[in-house]
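Heads up: the structure comes next, in structure tokens.
Just so it is clear, none of the values below were taken in a lab; they were calculated from the coordinates. Predicted model, so just to flag it, every value in this text is computed and none were measured. FYI the Cβ positions are ideal-geometry reconstructions off the backbone, even for glycines, and counts take in every protein chain you see.
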Amino acid sequence: MSKFTINQKEVKNLGIRVDLDATTGYQKYYPCPPGGRGYTFWKDTTMRTISPGGNIIYSFTCDTPPRYQGKDNCELMLEKIHTNSSSSADDVPVRISIKSALTVIPPNPLPQFIEINTEYHSKIAAHDFWLSLDLGNDAHYDDDGYNEIKVENLGNVSITIYSCSIHRIYMDADCPCSEVEHGAHQEAANTEPDPLSIDLDPSRIPWPCEHGKGGRGYTFWKDDTHRTIAPGDYLEYKFTCDRPSNYVAKDVCLALLDKVQINSDATTNDAPIRIKVNGLEMHVEYHSKKKNHDIWIGVDLAPMTTYNDVGENVLRIENLDSAKSVSLLSCYIYRIYRCQPKP
């Protein structure tokens, strides 16, 4: 049986190939315009350090063009969560919570922070991971108003977030013709701004699907099958990017690996998981050593030199642990590209 070795980590050629193009009903193509999808983007490029027990809050306001119809998805991506020193605990928990006008829980009349998920960072300094969550799946996310996302460091060492970006796709009637000022800053009802809040709205770029505006096109794939990767083995997802007639260039291609777990506690400090795009290593994620301490990995494939925005791609996930299986509940891929305007 053939094998290959990279960085002293052996990966067997036994892996699973999942063809996302052939998964009936799970590909969605929305060229723009027309097409029926709008796109909004926010980003904070300042490195943020959170001390043990501390938190930061990212706030943002969703725009609603005249023919807005409803939410689709909203990807929160924390690019490279980094520990500044090794922890004496098993891992470093990072809790993500949300607050909006939809988080009012009687009898308290004010919106409250509601936990979405707690991620678990490796205990080893510099063993980073990239986090992504689809806020659109959360009942407390407000797609036509103001939201706050709290990131809490529940560990005993400091963590640093290299950047935060939000990629929001919403349903929109084809090509509204009217002009509109998009999304005035509007806080959740009955709330005061938190002094620790980082306002993302100055960075907001809206791309409604409108006549003469150009905007963004959108393609979506998903695999909801629970997949397991044996020690030293791999899982691949193949997908092919469409190229409509008004295509201009790539923008982003977000891959979300939902709820990555190991099958039992590791005897090592963590479990490494390597991400590749068309054969080239992107980076290595490090899972907690604890069985039920999952992470939700999110990466943008578009900056990779090997990524093909107008053709076939293979996203490969390699389990570099020699003893523990790795499982994930689902894979979602969100591709957004630039378009020329149509009259």
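Details
- Furthest towards positive pole of dipole, V94, S322, G298, structure part the chain, Cβ charges: S322
- Each Lys or Arg adds one and each Asp or Glu subtracts one; over the other residues with Cβ under 15 Å from the Cβ of S86, this totals -2.
- 27 Å Cα-Cα threshold exceeded, pairs from K123/K150; K71/K150; K71/K276; K238/K259; K150/K259; K238/K290: K71/K276; K238/K290
- As a proxy for reagent exposure, ranking D265, D294 by other Cβ atoms within 10 Å from fewest up yields D265, D294.
- Cα-centre dipole for segment 41-80 with unit charges at Cβ (Lys and Arg positive, Asp and Glu negative), debye to 20: 40
- Which of T45, P66, F129, positive extreme of dipole for the chain (C-beta unit charges): F129
- Cβ-Cβ distance of K43 and T228, R₀ of 35 Å, FRET efficiency by 1/(1 + (r/R0)^6): the value works out to about 0.55.
- Annotation: amide H of A323 has no partner in the under-5 Å range at sequence separation 5 or more or interchain, hydrogens built in the peptide plane.
- Per-residue Cβ neighbour rank within 10 angstrom, fewest leading, S330, S59: S330, S59
- Order of S100, S86, S245 under a 10 Å beta carbon neighbour criterion, fewest first: S245, S86, S100
- Taken about its Cα centre, the chain carries a charge dipole of about 940 debye when Lys and Arg each add +1 at the Cβ and Asp and Glu each add -1 at the Cβ.
- Note on N137 and I105: with the Förster distance fixed at 22 Å, the Cβ-Cβ geometry gives a FRET efficiency of about 0.70.
- Extension gain, A126 back to N278 (0.36 nm per residue minus Cα-Cα distance, nm): 52.2 nm
- Lys/Arg +1, Asp/Glu -1 at C-beta; segment 3-339 dipole; positive extreme among L14, V248, V157: L14
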